[in-house]
Amino acid sequence: MHFLEEITIIATVSVLVTLLLGRLKLPVVAGLVLSGALVGPNCFSLAKDLKTIELIAEVGVVFLLFTIGLEFSLNRLKNIFRQVALGGIIQVSATATITILVAIALDRPVQEAVVFGFVFALSSTALVLRTLNERNELDAPHGRFIVGTLIFQDLCIVPMVLIIPLLPQGLDRFSVWQEVAVALGQAVLMVITLFLCSRKLVPLLFKWVDASRSSEVFILTVLCLCIGTAYITSLTGLSLALGAFLAGMIVADTDFRHRAMGDILPLKDVFVSFFFVSLGMFFNFEVLIEQTGTVMLLLAAFLFGKGLIASIAAMFMRFPPRAAWLAGVGLAQFGEFGFVLLQLATKENVVSSEAIAPLLNAGILSMFLTPLIVYKAPHFTAGERALDPLAKLLRAKTAQELEEKTVGQNDHVIIIGYGISGQLLTSSLRSLSIETIVLEMNSDNVRYGRERGDPVYYADATSEEALGHAHLKSCRAVVVMINDHAATERVLASINRLDGNIPIFVRTQYMTGIEDFRKFKPAGIVSCEIEGGLEVLSQVLRKLEVPRNVIIKEVDHARSQTMHSDREFKESPLPLHHHQELKSLTVENILLIKGSRVEGKSPKQLGLAEKTGVLVIAIRRNELLLLHRLADTLLEVGDIVYCIGRKSEIELVTELFDPLITSKNLKTILS
């Protein structure tokens, strides 16, 4: 069968399966994995050139990680460094250690146990980042933890790849670890050198390419940078995907990131689709039937065991139960680099193909289920409730600090959420000498708030205990400004149970779901989606020179169709040159010099408006700016007179202020 024929069959089956699953409200990724299982060699065998398909899939992973890297500049990576380092260390080390111990307890050889530990420690970067990206959750608390952990996992691939071939020699030899350390040092040195060189050369390169005014050359440059960087890093033992991620980060620090993103996205979507199809091709239905029990146990280990370890790691990073629960769900699957490690281990005779067959099947099933579970997890609260006891234990010190530092506080405002909106409100209230207590679950925001001197405390506002420590019953108002809709609803429910008479103000991102909040009877709800839309509406109409009173009417009408607000139209008046009809007019200032014939006369007496068409709009006299009854104001020496009119008319009036002009000429000009 010709390769193009196989591509056509794969694409056709993928479209049909994803459309069918789409009608069942299932994610596209699940459909692609299932399509791969159906066309693969272990089912209908419609695709036979697996090596070429795997190559296309690897290119897909490279493009995916490159586009993700475009979203993460170095500055942004600094903000999640704590999650990258500490969170990743806890998750990877705990998962690998527990897996190794369990495998040894089940009488598996130590070498095989180490390989299984490595495989279980890794999650699917491509699958999880795509799912988070689709749901706009990369910047959510659990998204930051997941991204940081995945980056650390990808970094761990280097020592894992180096250690697996050395397992038959035994890890108790010093020379083995010395060899690993040298290789790691070379990899780190390569990455640092690459970054230092690229930060200087890449912006210059893109400027030269942009000067060519050729979109084709720009796309080729992006492809060269993406694939070239991935290849160079792979020479040091790093994965191709991590190299592509680093390339994306390098481009993200230039002015061309958005153009690069737009040009590479169509290619990325095609190749990434083949990646998920290729994953499904590894699924073996025969192994599933013959070893159902083993496959199901391994699947449970991925979904529940690995997920629980990731959730606990997030809890130790002081994430709230909900974020920890979602982080655990997001990391509870087999990773694409697990295939690489298993293939390497098989090649080096560390494990046998028969031993890893159930693990591969369970891994692919976990990857198939991950998009489904991630989409349903936010609505399943039992998981986060199960983490509540550990959360209370970990936040005991914080709760005590909140209680001690706010003792006796009353008549204050409780602000829940310390993002940009929370920071603005806190600053404003403090400038007005209104006491505030801010509850925040992002430890970086808490640290930043304390550096600013704001009373920000690490606390989960969904907890009645935390609200009690914040002296809810004696506060003047509560303002809830968090992005998580379900968490906001739980906060409102907790406040309502403690005291239903406190005025509550809620800021939400979207209009959908506002009715979920209305049942708690808040004093006010502000939707960013609506307020942003109204602001765009007013600015567009102003630019189009629609009369101000009409804009106010349109804004009020749009607001009446959505939600009530006391906010009024505040757009500044347009400058003169922005009015199309008035572009022929100009404003000029003229100094009245001693000896001028207009001294002691008013604009009305001179007949300026009637005889020249020039209107006096203001007079600067010493430190005063005169704006009213100008027609009757007598002009004095030293006055700066501001006039509006056509350029020729202004030039005519300027001559009136000339001291050398005679009375006869004055009458001629005004005649």
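The values are calculated or read from the model by the stated rules, or taken from the named source; none is laboratory data. Bear in mind that the values here come from a model prediction, so they are computed numbers and not experimental data. Every residue, glycine as well, gets a Cβ built from its backbone with ideal geometry; the counts of neighbours run over all protein chains shown. Heads up: the accessible areas ignore ligands, DNA and RNA and are worked out on the full protein's heavy atoms, side chains in. Shrake-Rupley method; radii C 1.70, N 1.55, O 1.52, S 1.80 Å.
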At q = 0.09, 0.12, 0.20 1/Å the base-10 log of I(q)/I(0) from the Debye formula over the alpha-carbon atoms of the stretch 91-229 is -0.45, -0.74, -1.21
The correct ranking of CYS224, CYS643 by accessible area at 1.4 Å, largest first, is CYS224, CYS643
Cross-link reach from LYS604 to aspartates and glutamates, straight Cα distance under 20 Å and at least 8 residues apart if same chain, gives GLU588, ASP632, GLU636, ASP639, GLU649, GLU651, GLU655, ASP658
Charge tally for neighbours of PRO41 with beta carbon under 14 Å away, counting Lys, Arg as +1 and Asp, Glu as -1, is -2
Of 588-597, 329-338, ordering from highest average Cβ density within 10 Å down gives 329-338, 588-597
Here the membrane-span-like helices of the chain, with no claim about any membrane, defined by DSSP H, Cα axial extent at least 27 Å and mean Kyte-Doolittle at least 1.6, are 3-23, 50-70, 215-234
Taking only the Cα positions of the stretch 197-237, the convex hull volume per residue in Å³ is 52 Å³
In Å, the C-alpha Rg and Dmax of the stretch 1-67 are 12.6, 34
In vacuo Debye sum over C-alpha of the stretch 256-305, base-10 log of normalised intensity I(q)/I(0) at q = 0.13 Å⁻¹, listed in q order, is -0.56
Regression test value, accessible area per residue of the chain, probe 1.4 Å, units Å², expected 49 Å²
The orientation-averaged projected area of the Cα convex hull of the stretch 455-506, in nm², is 3.5 nm²
Per residue, the convex hull enclosing the alpha carbons of the chain has a volume in Å³ of 241 Å³
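Taking the Cβ of ASN622 as the centre, find all other residues whose Cβ is under 11 Å away and add up their charges (Lys, Arg: +1; Asp, Glu: -1).
Values: positive: ARG620, ARG621; negative: GLU623, GLU636, ASP639.
Result for the neighbourhood of ASN622: -1.
Apply the a/c threshold of 1.5 to the C-alpha gyration tensor of the stretch 221-356 and tell me whether it is rounded, prolate or oblate.
On the way: a/c = 2.06, a/b = 1.37, b/c = 1.50.
Oblate, since a/c reaches 1.5 and b/c is not below a/b.
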CYS475 neighbourhood, Cβ < 12 Å, K/R = +1, D/E = -1, net charge -1
Across the alpha-carbon set of the stretch 425-481, Rg over Rh with Rh taken as the Kirkwood radius works out to 0.94
